[in-house]
C-alpha cells in the first residue's frame, strides 16, 4: 500500500457506500452484509416506450435510496465509481448488447450547483472498466423541476417533454446505445431520452440503472 493511501485510510477510513459501516481489510466499497442483503432485482423492467430493454441492479428501497441521496446531494462523489463498477459487472452478467455507452444528463445549471453529473460519472467508470466508448449523446436544454417532487406519472411525463436534444448524433447513427441513469421511478425520463436518441438515428436503445422502483417489475 502506498503511503498516501495509508494516510487517507487512517484519516478517512473506508466505509460501505450503502450502510456506512467501516470496512475491514478484506472488504472493498461494500460490506459483506450489504453484498448479500441488498434488494437485487429479478428479470427485466416492464416495457418502457422507445426502449428495447431496461434493467436495474437494485430495487429502490432498503439502504439504496439514502446511499443515492448521499451521492447526489451530500458530496459523496466517489460513490459514482463504486456504482459504475457494480453496473459494469451487471452488464457482463446480463450480456447486454451495445456499441457505446451514454448517460441521462443533468442541466448545466444543476451540474454547476452540484459540481458533477451523477450519471456521467457512473458511465465513465463503466467505460474504463469494460474498455468501451462513452459518449455524450444528449444535452438537457431546460432546467425543469426535479422528477422526485412529482408524484403523478402523467405529471412526470409532461415535465420531461422536450427537455433533451441530441448531441453530435453523427457519432451514434445506426448504433446500439446503452443509456445509464441512477434511479428509474416511472420511466418517464428514460422514455423521453430514448425517443430523442431514436429520432436522432440510434438503431436501438437499452437502459441500465443502479436502482428502480419495484412497481416497474410488476
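The values are calculated or read from the model by the stated rules, or taken from the named source; none is laboratory data. All figures in this text were calculated on a predicted structure; none of them were measured in a lab. With ideal geometry, Cβ positions are generated from the backbone for all residues, glycine too; neighbour counts draw on all protein chains shown.
Are any of the residues in the range 64-74 touching a residue at least 40 places away in the same chain (Cβ under 8 Å) and under 22 Å from residue 205 (Cα atoms)?
No, the conditions are met nowhere in the range 64-74.
Give the number of residues within the range 30-45 that are at pLDDT 95 or above and assigned to a loop (DSSP other than H, G, I, E, B).
Of the residues in the range 30-45, 4 are at pLDDT 95 or above and assigned to a loop (DSSP other than H, G, I, E, B).
If residue 57 satisfies every condition in (1) assigned to a strand (DSSP E or B); (2) at pLDDT below 95 but one, which is the exception?
Every condition holds for residue 57 apart from (2).
Among the residues of the range 111-126, what is the count of those that are without any contact (Cβ under 8 Å) to a residue 60 or more places away in the chain and buried (at least 18 other Cβ atoms within 10 Å of the Cβ)?
Within the range 111-126, the first condition is being without any contact (Cβ under 8 Å) to a residue 60 or more places away in the chain, and the residues that meet it are 111-117, 120-121, 123-126.
With buried (at least 18 other Cβ atoms within 10 Å of the Cβ) added as a condition, the list becomes 117, 120-121, 123-126.
Here the count works out to 7.
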